[in-house]
Amino acid sequence: MTASHGRISRAGRPVAPPAAVVSKPGSFAGRPSGAILQCAAACVLAMSAPARAQNGDSFLDADKSTVRYTETAFSSKLDCRDLVSRAGVEYSILFAELRDGEPDVPDHCRVTGVIAPEIIFEVNMPARWNGRFYMYGNGGFAGESPASKADVRNQALRHGFATAYTNTGHDSRREPGATFAYNNLQKTVDYLFRAVHLTAVYSKQLIAGFYDQAPAHSYWDGCSMGGRQGMVSAQRFPHDFDGIVAGAPAFDFTGTMLSYVWNSQVTDGASFRQEKMALLSERVYARCDADDGVEDGLITDPRDCDFDPARHLPRCGGSDDRDDCFTADEITRLEKLYDGPQRGGQKLYPGVPPGAEVLAPLRAPGGEERRAHGWEPWLQNGNGPVFQALMVGSYLKYLHFEVDDADYDWRQYPFEVEPEGIDRETAHLLDAKAADMSRFKARGGKMITYFGWADAAINPMPMVGYYEGLDDAMGSSPHDFYRLFMVPGMFHCDGGAGADQMDVMTAVIEWVEAGKAPGAITGYHVDGGAVKFSRPQCPYPQTAHYKGSGSPAAGDNFECALPR
């Protein structure tokens, strides 16, 4: 995890270079809050990347779309059971069965296959088909069974799509975390890119045979690790998908793991009570909510927030530890979290931006809501290890090529020195930071990335830096084939204080099939089953500006414009 030369933000803190962080200057504050859950809940938030969080809002705007993609004009030409005879050089069909009688799901043919050596994939083809292929992504270290993504599969089938999914070459029930990768290059490569690519190739072959017609358009939909998979597809295999939704991508995988080590070391042994974190959230918003011209419970661009825990938090006296103040040790830890990983005063990676401290709705698998804090993945309340420590521990032990030590403890990672050779080979394979996507652009591909400004599971700053850097790398703006939407107040993939529920999938379909480039995408904040407010989500670098009159709860009172 190599160091990098930084520059100085206008707040006086070192900032990582353009490859790792946005070019717009600003301080990196953070906004934690509340009794942070231990791994059992935090893993639901990010490691398993629940289906609802990844794809729950896809097709919400189907009825409003100018592309009538739910019309099913095609029917099957084969008996589903006959597909058990289909095979290729590298794949075999295990099961092929007609599925009917499922509530709210059309009759469909379900095919389960295996790609050598252990890649399980599933293809579902509705009896009436819209002529399109839809593939959805994984979370964390993947390995999920197809049944774990039933909501996503069924949602796409209801809209007429033929679907596909892969476990990426291992079963997380038998090989949890990154254990599958230990001394196993084949499974590592399958996880990183081979499984998604071959599943797309063979699935489209099966679909073409079943309907006697190849898909007219192919789409990818994923968030977190699924977002990374989408970016890898555009960079390595530009012909696999016509349209890609890459939400909150873990594209800078090694950088994210570096931040996990730092956050885990900084918070190791600490206990942040809910009352204190609520106070921290209150102080952050009191400082920065109005920066965008309206007090609406959101921080539009955290780079404009100059919150500093040492200056803006009340201090406890001596050894006093009350809920209305912060001890010197707590303030020091928070400063380190906001500043991010450093070595000898040099910033290695951005700190967490302000916005994730608030207690806000987070949708869990199945669509139910719970209240959660954005910093859940890496703060603890004395109940044991949290998500980031568990994930980075598994990564360093089994997936990191230069460490590759099953006994390695993340507490050993030496930020004060640069280990020789660390991360070079790992980053080359794990990261999806190729700055030239000209092949994807040339074949007409379209991609949309959405990212929550209040995402504490994967830092949003490097994504903005990557997007800005495409100008120089490709010699032109990526805006005509790739657009980025930064969502104020949104947690990881969804949830949070922002207007997080928005249909990005329909936007990319309209872009691919009707040439309608996405402007504002309307987002909604839903709490307790009711819409509390709406807001236009704008293509970066535009942001939503309050027009100066009317309720801030009404999205019509905002317009997308460049920062003032």
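List of remarks:
- Seen against the Cα atoms of the chain and their longest principal axis, helix 328-339 is set at about 40 degrees.
- Three principal axis extents describe the C-alpha atoms of region 180-246; from largest down they are 42, 23, 17 Å.
- Across region 151-288, the relative contact order, built from alpha-carbon pairs under 8 Å that are at least six residues apart, equals 15 percent.
- When the convex hull of its Cα atoms is projected in every direction, mean area for region 99-249 (nm²): 8.4
- Using a cutoff of 8 angstrom between alpha carbon atoms and counting only pairs six or more residues apart, the relative contact order for region 420-564 works out to 17 percent.
- Farthest positive-ward along the chain dipole, Cα basis, beta-carbon charges - from GLY374, ALA497, LEU78: LEU78
- Amide hydrogen neighbours beyond the local backbone of GLN342, cut-off 5 Å, H modeled: LEU348
- Legend: P(r) of region 200-296 from all alpha carbon pair distances, 5 Å bins from 0, whole percents, reading 3, 10, 11, 11, 10, 13, 12, 8, 7, 6, 5, 3, 0.
- Estimated from helices alone, the mean residue ellipticity of the chain at 222 nm is -7500 deg cm²/dmol (sum of -39500 (n - 2.57) over DSSP H runs with n ≥ 4, per residue).
- Ranked packing of 74-86, 201-213, 238-250, 296-308, most packed first, by mean Cβ within 10 Å: 238-250, 296-308, 201-213, 74-86
- Accessible carbon and sulfur surface of the chain relative to its total accessible area, %, 1.4 Å: 49
- Long-range HN-HN contacts of THR327 with modeled amide H, under 5 Å: CYS316
- The phi-based Karplus calculation (6.51 cos²θ - 1.76 cosθ + 1.60; θ = phi - 60°) puts the 3J(HN,Hα) values of region 525-533 at 9, 10, 9, x, x, 10, 6, 8, 6 Hz, whole numbers, x for Gly and Pro.
- In the frame of its principal axes, region 497-564 has Cα extents of 35, 34, 16 Å, reported largest first.
- In plain terms, if you count all Cα to Cα distances in region 215-268 and split them into 10 Å steps from zero, the share in each step is 25, 39, 21, 11, 4, 0 percent.
- Applying the Kirkwood pairwise sum to the alpha-carbon positions of region 58-177 produces a hydrodynamic radius of 15.3 angstrom.
- If the chain linking ASP527 and ALA553 were pulled fully straight, counting 0.36 nm for each residue of separation and taking away their Cα-Cα distance, it would gain 8.0 nm.
- Burial ranking of peptide ranges 450-462, 538-550 (average Cβ count within 10 Å, highest at the top): 450-462, 538-550
- Heavy atoms of the protein chains alone define the surface here; on that basis the chain has 36 Å² accessible area per residue at 1.4 Å probe size.
- Compared with the dominant Cα axis of the chain, that is its longest principal axis, helix 253-267 is turned about 40°.
- Highest mean packing comes first when the peptides 287-294, 92-99 are listed by Cβ atoms within 10 Å, giving 287-294, 92-99.
- With all pairs of separate Cα atoms included, region 286-372 yields a Kirkwood hydrodynamic radius of 15.4 Å.
- Measuring r between the beta carbons of GLN412 and ASP82 and using R0 = 41 Å, the FRET efficiency lands at 0.15.
- At R0 = 35 Å, FRET efficiency that the Cβ-Cβ distance of ASP212 and ARG371 yields, to 0.05: 0.10
- A crude spin-label estimate for the pair TYR546 and ASP63, with each label 7 Å from Cα along the Cβ direction, gives 3.3 nm.
- At full extension, VAL189 and ALA116 could sit 25.0 nm farther apart than now, given 0.36 nm per residue minus the alpha carbon distance.
The values are calculated or read from the model by the stated rules, or taken from the named source; none is laboratory data. For clarity, every value in this text was computed on a predicted model and none was experimentally measured. Positions of Cβ are backbone-derived with ideal geometry, glycine not excepted, and every protein chain shown enters the neighbour counts. Quick note on the areas: whole protein, heavy atoms, side chains included, nothing else; ligands and nucleic acids left out. Shrake-Rupley method; radii C 1.70, N 1.55, O 1.52, S 1.80 Å.
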